[in-house]
Amino acid sequence: MADIATGISATFGGPFHPARVITQSGGGYDDGGSWIPGTVAYRDCRVQVDQVSEAMRGGDGYSEGDMRFLILAATLAGSLDSDARIELLEGPHAGIWIVSSLTRDPAGLYWEGRGRRG
């Protein structure tokens, strides 16, 4: 499925655009009270951005301007949580998006979430 979607996107442009998931880990205060920054990791993936569903509109924290996104699971190494940010590198929704909700489809083909520009 991911190979087909990626092939169609490469041939015709969209809907699955090149992107990367940005996660930050670690960080905190040392024994002397000084802040020690964590590390930032970037993981490539392919993302489709679409209008939110009615269920997303009714969800906690919905804000006008939120968008629905689908991340092809086969294009992303590792897992994903709502602390991540997504940077779309191309397409009409290029830029950084803050993840505000996240689920995995039953077949494990994609991550579905709601996000807003960040």
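The values are calculated or read from the model by the stated rules, or taken from the named source; none is laboratory data. None of the values given here were measured: they were computed from a predicted structure. Here the Cβ positions follow ideal geometry from the backbone for every residue, glycine too, while neighbour counts run over all protein chains shown. To get the accessible areas, we keep the full protein, side chains included, count just its heavy atoms, and leave off ligands, DNA and RNA. Shrake-Rupley method; radii C 1.70, N 1.55, O 1.52, S 1.80 Å.
Determine the order of E54, E64 by accessible area, beginning with the largest, at a probe radius of 1.4 Å. Before the final figure, lay out each step's value.
On the way: E54 140, E64 160 Å².
From most exposed to least exposed: E64, E54.
For the chain, what % of the accessible area comes from carbon and sulfur atoms, probe 1.4 Å?
52
Taking amide hydrogens as modeled 1.01 Å from N in the peptide plane, which residues meet the under 5 Å criterion relative to V52, leaving out close sequence neighbours?
Placed amide hydrogens put R68 under 5 Å from V52.
Using a simple charge model, +1 on the beta-carbon of Lys and Arg, -1 on the beta-carbon of Asp and Glu, nothing else, what dipole does the chain show about its Cα centre, in debye to the nearest 20?
220
7 Å from Cα along Cα→Cβ at both I98 and R57: what's the point-to-point distance in nm?
Label-label distance for I98 and R57, simple model: 2.3 nm.
Per residue, how much accessible area does the chain show when a 1.4 Å probe rolls over the protein heavy atoms, in square angstrom?
Accessible surface, normalised per residue, equals 58 Å².
If you plug each phi of region 62-67 into the Karplus form 6.51 cos²θ - 1.76 cosθ + 1.60 with θ = phi - 60°, what whole-Hz ³J(HN,Hα) values come out, in order, with x for Gly and Pro?
These are the phi-based 3J(HN,Hα) values: 4, 9, 4, x, 4, 10 Hz.
Suppose R0 equals 30 Å. What FRET efficiency, 1/(1 + (r/R0)^6) with r the Cβ-Cβ distance, do W35 and A107 give to the nearest 0.05?
Once rounded, the FRET efficiency stands at 0.10.
Report, by chain and number, residues whose modeled amide H sits under 5 Å from the one on S101, excluding near sequence neighbours (fewer than 5 apart, same chain).
Under 5 Å from the amide H of S101: R114.
Could you state the angle between the C-alpha long axis of helix 2-12 and the longest principal axis of the C-alpha atoms of the chain, as a value from 0 to 90 degrees rounded to the nearest 10?
In the chain, helix 2-12 runs at an angle near 70 degrees to the longest axis.
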